[in-house]
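Each remark here refers to the structure printed beneath this line.
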Amino acid sequence: MGLTTHDKDRMIQLLRLECNHTFNEEVMAAFLDNGTVKELERGQALINAGDINRDIYFILDGITRHWYWNGDREKTAFFSQAGTLLISYHSYYFNKGSFYSIEACCPTRIVCIRKDIFDRFIAGHHDFSNWCLSMAQCQIFFFEMKNRIISGTAKERYISFFKNRPEILNQVQLKVIASYLDVTPQYLSKLRKMKL
């Protein structure tokens, strides 16, 4: 299903807030005209680890997580919310199976755009390629910020997460948050009962 005018306007607004590069709105609207909307239920995968998926995705509504197997348990590496660009870098750049599985943490709507269209806009629109670079830099910043914020003891990690990402606590299963904070679900339940 293609984007409605309302969805396209919302996506443009979200992308405008996501990074500090001002893009050409007409070019972005033309780019989004190539998108389709995919609806995911909680726990449904967008990309499975090992699969080759070279397409580009943007979250319209909802929350996703990137996770991988750490030995015999799931480890949530990070969460993404509305406006975030999702991509399997292993697949996009090297045509290899994705390292992460990307799945919905709650009902989530995703805008899907094929790699060839994304590449065509990068090659054909200088402003669009600058916006892509800014988005990549923004993602690197957030990876670094996550490591700064989610550190210390289990209690310190929980308090930091509670202060910085409270909207995720209300919409994501405790076992998923526990895998992100690297604690057991039982210990996370104890932390949640504490007065902060």
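The table below gives the values:
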{"quantity": "Residue 117 being at pLDDT 85 or above, part of a helix (DSSP H, G or I), touching a Phe, Trp or Tyr at 6+ places or on another chain (Cβ under 8 Å) and closer than 22 Å to residue 68 by Cβ", "calculated": "no"}
{"quantity": "In the stretch 115-131, the residues that are farther than 14 Å from residue 30 by Cα and touching a helix residue (DSSP H, G or I) at 6+ places or on another chain (Cβ under 6 Å)", "calculated": "129"}
{"quantity": "Subset of the stretch 35-86 (residues that are outside any strand (DSSP E or B) and farther than 14 Å from residue 110 by Cβ)", "calculated": "43, 48, 49, 50, 51, 52, 54, 71, 72"}
{"quantity": "Residue pairs meeting the criteria (Cβ under 6 Å; at least 6 apart or on separate chains; first free of Cβ contacts under 8 Å to residues at least 12 places away in the same chain, in the stretch 30-44; second assigned to a loop (DSSP other than H, G, I, E, B) and among the hydrophobic types (A, V, I, L, M, F, W, C))", "calculated": "none"}
{"quantity": "Long-range neighbours under 7 Å by Cβ, at least six apart or interchain, first residue outside any helix (DSSP H, G or I) within the stretch 1-20, second among the hydroxyl-bearing types (Ser, Thr, Tyr) and open to solvent by less than 30 Å² (accessible area, probe 1.4 Å)", "calculated": "19/134; 20/134"}
{"quantity": "Residues that are loosely packed, with under 14 Cβ neighbours inside 10 Å and touching a strand residue (DSSP E or B) at 6+ places or on another chain (Cβ under 6 Å), drawn from the stretch 18-42", "calculated": "36"}
{"quantity": "Selected residue (only one of 112, 106, 132, 138 is in a loop (DSSP other than H, G, I, E, B) and surrounded by 15 or more Cβ atoms within 10 Å (Cβ to Cβ))", "calculated": "106"}
{"quantity": "Members of the stretch 149-185 that are open to solvent by 70 Å² or more (accessible area, probe 1.4 Å) and in a helix (DSSP H, G or I)", "calculated": "155, 156, 162, 163, 164, 170, 171, 175"}
{"quantity": "Residue among 103, 156 that alone is over 30 Å from residue 22 (Cβ atoms) and modelled with pLDDT of 95 or more", "calculated": "103"}
{"quantity": "Flag if residue 15 is modelled with pLDDT under 95, buried (at least 20 other Cβ atoms within 10 Å of the Cβ) and closer than 23 Å to residue 102 by Cα", "calculated": "yes"}
{"quantity": "Residue 88 being touching a Ser or Thr at 6+ places or on another chain (Cβ under 8 Å) and free of Cβ contacts under 8 Å to residues at least 24 places away in the same chain", "calculated": "no"}
{"quantity": "Of all residues making up the stretch 82-102, the number that are farther than 11 Å from residue 59 by Cβ and open to solvent by less than 30 Å² (accessible area, probe 1.4 Å)", "calculated": "7"}
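The values are calculated or read from the model by the stated rules, or taken from the named source; none is laboratory data. Since we're looking at a predicted model, the values are computed, not measured. Glycine also receives a Cβ, built like all others from the backbone with ideal geometry; neighbour counts cover every protein chain displayed. What goes into the accessible areas is simple: the full protein's heavy atoms, side chains included, and nothing from ligands, DNA or RNA. Shrake-Rupley method; radii C 1.70, N 1.55, O 1.52, S 1.80 Å.
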